[in-house]
Amino acid sequence: IFSDVYNGTVTFLPLEENSEGKYKIKKCNIYQIQLVYLKDEEWSVSIVAPFPEDWFSDGIAYPKLTWLGNELLSKLAKWSVEQKPSEFKSTLSLISVAEYSKVYQDLKEKYREMVKVWPEVTDPEKFVYEDVAIATYLLILWEEERKEKGLTKKQSFVDLGCGNGLLVHILNNEGHSGRGIDVRRRKIWNMYGPGTHLEESTIMPGDSHLFPDTDWLIGNHSDELTPWIPVIAARSSYSCRYFVLPCCFFDFHGKYSRRQSRKTQYREYLDFIAQVGFVCGFNVEEDCLRIPSTKRVSLIGKSRTYPPTEHALIDKQITQYINNRQTCAVVPCGSKVACNHKDHCDNVCREAGSELPENETDTGGTIWMPGFQPREKVEQIRNCASLPRDFVDDVVLSVANLLLNAAPPKSCSDMHDGNTNTWNQGESLSLKEVAEHLNKDTLKRLKSEYGGLQTLLKNNHQVFEVLNGRVHIRDWRKEKLSRKTKPEVKRRLSAEAFKTRLCWFFIHHPDGCSLPSESCPYAHGTEELRQSQMIKKKKHI
């Protein structure tokens with residue numbers, strides 16, 4: 001990074017290491033931020049990329065040009081003039097940034113092939129590079145801990161709610177003994193091999209799920225287990241530590257309910273999880289991870305606030321805190337929280353004015369909250385993908401006709417073979433306006449799906465574009481212009497899907513398709529249809 005303060009420029013020159021350990025400038029991804037004084041108190045900030053046509057984007061180290069121009073630029077302008085302090089810590093504040101950058105690049109190179117063979121329906125680039133980044137953070141954190149404590153043996157871990165298991169796979173590969181536990185086995189687990197230890201099991205917070213021989217517990221987007229992880233760590237052993245990366249908002253008993261309106265919901269939830277850690281006797285530290293996610297704040301419990309002799313007192317404090325949370329949440333009576341020691345439970349229950357049922361005071365295999373609801377073993381598909389095709393087609397046609405017939409209609413002119421054609425792009429409407437024109441039965445059916453109407457429209461991206469809460473008819477002429485900037489993987493997937501589905505516009509739009517047949521990625525009639533390459537690959541496998 002070259003900073004020229006006098007001329008108001010900062011130039012970024014990406015360096016890539018070759019097999020011989022020498023660095024070479026990646027010329028196609030050079031860019032510069034320029035600050036220019038205009039007049040009085042007016043300034044302008046701009047971003048210049050000298051080789052935009054060759055720009056390479058992987059979504060992580062190399063962002064998209066559109067992101068630099070549309071997102072980063074406006075944020076730079078905003079950050080330059082705003083006065084309010086950030087509600088979060090600075091990124092990577094607890095570890096060495098230089099060491100992180102080096103290890104991240106090494107791991108990214110080592111595991112980048114995972115993107116090509118990813119068998120899940122989730123976005124491989126996001127999930128692979130996010131887990132590489134989280135693994136990098138933990139490896140640096142644990143290495144620094146070993147130096148502080150004079151340890152040589154690498155820390156052990158258990159990842160609770162491990163999902164796709166990639167984080168466990170990387171940590172196992174990098175020499176840390178540990179395992180991942182999740183309620184549901186994933187397809188990708190079969191690809192890791194015997195060196196990656198993954199278990200399909202339901203975790204119920206209680207005496208049967210303690211880990212006394214484990215150094216660290218991990219909760220990476222662990223949903224309903226997130227608030228329980230500091231509790232499990234505290235009760236597993238005095239030396240057990242934890243790392244959580246909260247995402248979805250859960251309390252001990254179910255969904256988290258907001259209690260303060262002055263904070264953002266995310267900040268409030270982070271404060272709650274931090275408070276759980278404090279109650280459990282941990283010195284809780286907060287840090288921001290460098291990952292492609294809006295939920296990137298981690299909470300870490302590395303040390304205790306009390307000596308080992310006060311363990312029983314802290315255990316009683318934990319039980320009382322969980323009981324109070326359950327009482328405040330207006331949960332049906334009769335199910336109080338159990339803890340490790342019978343006398344503590346009895347005292348807490350007398351203070352709360354009720355008693356535990358007899359069968360819940362036995363410490364042998366006690367569940368700490370009988371009303372706890374783990375995730376279902378079989379994941380319900382509620383993203384509109386399981387809706388009947390006829391129903392989806394009817395909604396798509398109804399919404400499209402609504403946009404096309406809305407007043408005043410929008411027309412776009414284009415040139416095909418030298419002739420001027422007018423193609424009706426219709427009007428854009430808010431999701432609320434679209435919903436008002438759909439019948440009650442349709443809306444009721446959509447509300448039972450996650451995301452409802454918006455999800456259905458986004459799933460049908462061939463026809464619609466949903467931006468900032470407004471629905472537009474997609475104009476594929478604009479898509480054609482942006483195709484060159486797509487990452488290599490996405491371009492390859494687009495090529496494999498070429499002409500494997502019928503063009504909706506060719507069949508339904510009053511003006512037909514805005515593109516000629518040879519340019520349209522969809523088939524103009526059944527005679528153009530070809531078999532999907534993805535289907536062929538699956539058959540071959």
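Quick rundown of the values:
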| quantity | calculated |
| --- | --- |
| Residue list for region 276-302, filter: free of Cβ contacts under 8 Å to residues at least 60 places away in the same chain and under 14 Å from Val231 (Cα atoms) | Val276, Gly277, Phe278, Val279, Cys280, Gly281, Phe282, Asn283, Val284, Leu299 |
| Pick from region 18-36, criterion of a type in the set (Val, Ile, Thr) and under 33 Å from the mean Cα position of the chain (by Cα), ranking: most open to solvent (accessible area, probe 1.4 Å) | Ile25 |
| Every residue from region 280-300 that is over 16 Å from Leu92 (Cα atoms) and buried (at least 21 other Cβ atoms within 10 Å of the Cβ) | Cys280, Gly281, Phe282 |
| Residue in region 172-194 that is of a type in the set (Val, Ile, Thr) and touching a His at 6+ places or on another chain (Cβ under 8 Å) present | no |
| Top-ranked residue in region 129-151 [being buried (at least 24 other Cβ atoms within 10 Å of the Cβ) and β-branched (Val, Ile, Thr); ranked as farthest from Glu109 (Cα to Cα)] | Ile134 |
| Some residue of region 252-264 being touching a residue at least 40 places away in the same chain (Cβ under 8 Å) and in contact with a helix residue (DSSP H, G or I) (Cβ under 6 Å, 6 or more places away or on another chain) | yes |
| Considering residues of region 174-196 that are outside any loop (DSSP other than H, G, I, E, B) and open to solvent by 80 Å² or more (accessible area, probe 1.4 Å) only, the residue nearest to Glu113 (Cα to Cα) | Met191 |
| Qualifying residue in region 98-106 (condition: hydrophobic (A, V, I, L, M, F, W, C) and either closer than 30 Å to Thr264 by Cβ or modelled with pLDDT under 90 (or both)) | no |
| Subset of region 399-414 that is open to solvent by 60 Å² or more (accessible area, probe 1.4 Å) and under 26 Å from Arg445 (Cβ atoms) - its residue that is modelled with the lowest pLDDT | Asn405 |
| Within region 109-128, considering residues that are under 29 Å from Tyr266 (Cα atoms) and either in contact with a Phe, Trp or Tyr (Cβ under 8 Å, 6 or more places away or on another chain) or aromatic (Phe, Trp, Tyr) (or both), the one least open to solvent (accessible area, probe 1.4 Å) | Val128 |
| Breaking point among (1) assigned by the TED database to the domain that holds Arg186; (2) open to solvent by 30 Å² or more (accessible area, probe 1.4 Å), for Trp67 | (1) |
| Qualifying residues in region 246-279 (those that are of a type in the set (Ser, Thr, Tyr) and surrounded by 14 or more Cβ atoms within 10 Å (Cβ to Cβ)) - the one nearest to the chain's Cα centre (by Cα) | Tyr266 |
| Per-region count, region 1-22, residues at pLDDT 90 or above, assigned to a strand (DSSP E or B) and farther than 16 Å from Trp55 by Cα | 5 |
| Any hit, region 78-85, residues being within 27 Å of Ala135 (Cα to Cα), of a type outside the set (Lys, Arg), part of a loop (DSSP other than H, G, I, E, B) and modelled with pLDDT under 90 | no |
| Count - residues of region 301-313 that are buried (at least 19 other Cβ atoms within 10 Å of the Cβ) and over 33 Å from the mean Cα position of the chain (by Cα) | 0 |
| Test: Asp58 is among the acidic types (Asp, Glu) and open to solvent by less than 40 Å² (accessible area, probe 1.4 Å) | yes |
| Boolean, Ala49 is open to solvent by less than 50 Å² (accessible area, probe 1.4 Å) and under 26 Å from Tyr137 (Cα atoms) | no |
| Long-range neighbours under 9 Å by Cβ, at least six apart or interchain, first residue within 25 Å of Ser101 (Cα to Cα) within region 39-63, second at pLDDT below 85 and open to solvent by 90 Å² or more (accessible area, probe 1.4 Å) | Trp55/Lys484; Phe56/Glu488; Asp58/Glu488 |
| Residue list for region 76-92, restricted to those being within 21 Å of the chain's Cα centre (by Cα) and open to solvent by 40 Å² or more (accessible area, probe 1.4 Å) | Glu87, Phe88, Lys89, Ser90, Thr91 |
| All positions within region 434-453 that are part of a helix (DSSP H, G or I) and open to solvent by 70 Å² or more (accessible area, probe 1.4 Å) | Glu436, Lys440, Asp441, Lys444, Arg445, Lys447 |
| Any hit, region 151-167, residues being free of Cβ contacts under 8 Å to residues at least 60 places away in the same chain, within 22 Å of Lys295 (Cα to Cα) and of a type in the set (A, V, I, L, M) | yes |
| Sole exception among (1) over 27 Å from Gln105 (Cα atoms); (2) at pLDDT below 90 for Gln34, by number | (2) |
| Failed item in (1) basic (Lys, Arg); (2) in a helix (DSSP H, G or I); (3) closer than 30 Å to Asp271 by Cα, with Lys89 passing the rest | (2) |
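Conditions (1) open to solvent by 20 Å² or more (accessible area, probe 1.4 Å); (2) without any contact (Cβ under 8 Å) to a residue 60 or more places away in the chain; (3) touching a Gly at 6+ places or on another chain (Cβ under 8 Å), marked per residue:
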{"site": "Leu198", "(1), (2), (3)": "yes, yes, yes"}
{"site": "Ser201", "(1), (2), (3)": "yes, yes, no"}
{"site": "Asp215", "(1), (2), (3)": "yes, no, no"}
{"site": "Ser222", "(1), (2), (3)": "no, no, yes"}
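The values are calculated or read from the model by the stated rules, or taken from the named source; none is laboratory data. Please read all numbers here as calculations on a predicted model, not as lab measurements. Neighbour counts are summed over all protein chains in view; Cβ atoms, including those assigned to glycine, are modelled from backbone coordinates with ideal geometry. All accessible areas refer to the heavy atoms of the entire protein, side chains included, with ligands and DNA or RNA removed. Shrake-Rupley method; radii C 1.70, N 1.55, O 1.52, S 1.80 Å.
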